[in-house]
1. Evaluate the following for residue 143: is it surrounded by fewer than 22 Cβ atoms within 10 Å (Cβ to Cβ) and among the basic types (Lys, Arg)?
2. Kindly indicate the residue of region 182-204 that is within 17 Å of residue 266 (Cα to Cα) and touching a Ser or Thr at 6+ places or on another chain (Cβ under 8 Å) and also surrounded by the fewest Cβ atoms within 10 Å (Cβ to Cβ) among those meeting that condition.
3. Got at least one residue in region 374-382 being surrounded by fewer than 23 Cβ atoms within 10 Å (Cβ to Cβ), part of a strand (DSSP E or B) and touching a residue at least 40 places away in the same chain (Cβ under 8 Å)?
4. Scan region 229-236 and tell me whether some residue there is without any contact (Cβ under 8 Å) to a residue 24 or more places away in the chain, out of contact with any Leu (no Cβ under 7 Å at 6 or more places or on another chain) and not assigned by TED's automatic domain parsing to the domain that holds residue 94.
5. Give, as residue ranges, the strands (runs of 3 or more DSSP E) completely inside region 130-216 that count at least 3 residues that are under 20 Å from the mean Cα position of the chain (by Cα).
6. Can we say residue 27 is assigned to a strand (DSSP E or B) and surrounded by fewer than 16 Cβ atoms within 10 Å (Cβ to Cβ)?
7. So, in region 13-22, exactly how many residues are under 13 Å from residue 35 (Cβ atoms) and either surrounded by 24 or more Cβ atoms within 10 Å (Cβ to Cβ) or acidic (Asp, Glu) (or both)?
8. Output yes when any residue across region 43-55 is assigned to a helix (DSSP H, G or I), β-branched (Val, Ile, Thr) and in contact (Cβ under 8 Å) with a residue 12 or more places away in the chain, and no when none is.
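The values are calculated or read from the model by the stated rules, or taken from the named source; none is laboratory data. Because the structure is predicted, anything quoted here is derived from the model rather than measured. No Cβ is skipped: glycine too gets one built from the backbone with ideal geometry, and neighbour counts run over all protein chains shown.
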Amino acid sequence: MEAEKTAAALCAVGAEKVAAQEMRKLGLAVEGSGFGRVRFRADLAGLYRALLATRVADRILLETASYPAFNFDDLFEGARSAPWEAYIPRNMALAVTKVRSSRSLLKAETSIQAVVHKAAAERLCGAYHIKRLEEGGKTANLRVYVEKDRVSLLLDLSGEPLFKRGYRQEGGIAPLRETTAAALLQLALWRRKFPLYDPFCGSGTILAEAALYAWDAAPGLGRGFALADLLIARPDLEESIRAELRGRINFEHTLRIFGSDRDPRAVSIASSNLMRARDLALGRTPGKGIRTTGGEGGMPELRCLPMEAACSPFRDGGAEDLGFIITNPPYGRRMGAEEDAEAGYAAMSALGRGFPGWKLALITDHPGFESFFGRRANSCREITNGAVPSYFFQYERL
């Protein structure tokens, strides 16, 4: 039986709880979580499963060494002792792409970066009997975390960040990351049985992530990973897990997922992205057709409408048709003048007329949303969208 390894899932700050829950759901042993990071243990199959099936993690990293270091000699010796030749092939370059130091004697991040790179390169050159490592081309990317004088050396297994699912070829200004959108759905406790509406759908990210979840489609099925270039890669095992995950997809699930936007181009882009997400999940070349309403396999329904005209598709329904509005209003400070943002938040009171009794959850970079919307939220949490500090407001009832 293959030994388990320690790994880390990087996620949005504020989404650590849902990332840990997700790792457990994938059958992985969670060891703890911290600032935008969840530590877990997994064998190689578990690492492939995490890469392919995570919805909220931005990267999966493999810990190659963990040791105490109180000075640069400790740092160098620990990095040189790591078995780099078990992971990195002879013809691959090496880069230390990220360093973070917290509450430790070693603080100079550029020096930490240089020392770790030198130590790892010395180990690899000795193992392969070469004078220097390759430069350019395929590169093994390494991250270094120093916390309370303990060093963790983490090898990136993802390559392109995991929010790059492959389905979004076009996005709007300041788009919502796919992984953040997936985290919002989980934080809001939305499930497939509930209707979902996004009245500011933009490029359709929230709708696409909801559809992938409702279809039981793993979001990483349409892309590859840096793990494939490492010595521990097993293409047969990866393909077996891909086949297993594709076998779980069910496009016959009833989808009650809806979206609208006042911009017809945004609706067209969202529709194209939704079709591409479905094709990638199936492992086929994405089609070029554009659909703006529901259809094959229970696709989300899209319409071109201003937010003020949006309303529940179940106006005559009962309590079972009450649903969730989950959205990213295009009125943040990063989008333009602050007064435009404030006017937009005030206009959102119209949602109470179109969706009486529905829950509302939204992400914005403006901490004063509540005062302009005119109601205090039932809950608010800080969450990052990429590098943008944001706020997730939730209302139990409109």
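1. On the way: surrounded by fewer than 22 Cβ atoms within 10 Å (Cβ to Cβ): yes; among the basic types (Lys, Arg): yes.
Spelling it out, residue 143 is indeed surrounded by fewer than 22 Cβ atoms within 10 Å (Cβ to Cβ) and among the basic types (Lys, Arg).
2. In the first step, residues of region 182-204 are kept if they are within 17 Å of residue 266 (Cα to Cα); the result is 197-204.
When the remaining residues are screened for being touching a Ser or Thr at 6+ places or on another chain (Cβ under 8 Å), the result is 197-201, 204.
Numbers: 197: 28, 198: 27, 199: 26, 200: 23, 201: 31, 204: 30.
Only one residue tops the list, namely 200.
3. Just the residues of region 374-382 that are surrounded by fewer than 23 Cβ atoms within 10 Å (Cβ to Cβ), to begin with: 374-382.
Applying the additional criterion that residues be part of a strand (DSSP E or B) yields 379-382.
If we keep only those that are touching a residue at least 40 places away in the same chain (Cβ under 8 Å) too, we end up with 381-382.
Taking every residue of region 374-382 in turn, at least one turns out to be surrounded by fewer than 23 Cβ atoms within 10 Å (Cβ to Cβ), part of a strand (DSSP E or B) and touching a residue at least 40 places away in the same chain (Cβ under 8 Å).
4. Filtering region 229-236 down to residues without any contact (Cβ under 8 Å) to a residue 24 or more places away in the chain leaves 233, 235-236.
Then keep just the ones that are out of contact with any Leu (no Cβ under 7 Å at 6 or more places or on another chain); that gives 235-236.
From what is left, the residues that are not assigned by TED's automatic domain parsing to the domain that holds residue 94 are 235-236.
Within region 229-236, one or more residues are without any contact (Cβ under 8 Å) to a residue 24 or more places away in the chain, out of contact with any Leu (no Cβ under 7 Å at 6 or more places or on another chain) and not assigned by TED's automatic domain parsing to the domain that holds residue 94.
5. Numbers: elements: 139-147, 150-156, 196-198.
By residue number, 139-147, 150-156.
6. Values: assigned to a strand (DSSP E or B): no; surrounded by fewer than 16 Cβ atoms within 10 Å (Cβ to Cβ): yes.
Here the answer is no, as residue 27 does not meet what is asked.
7. Result for region 13-22: 3.
8. no
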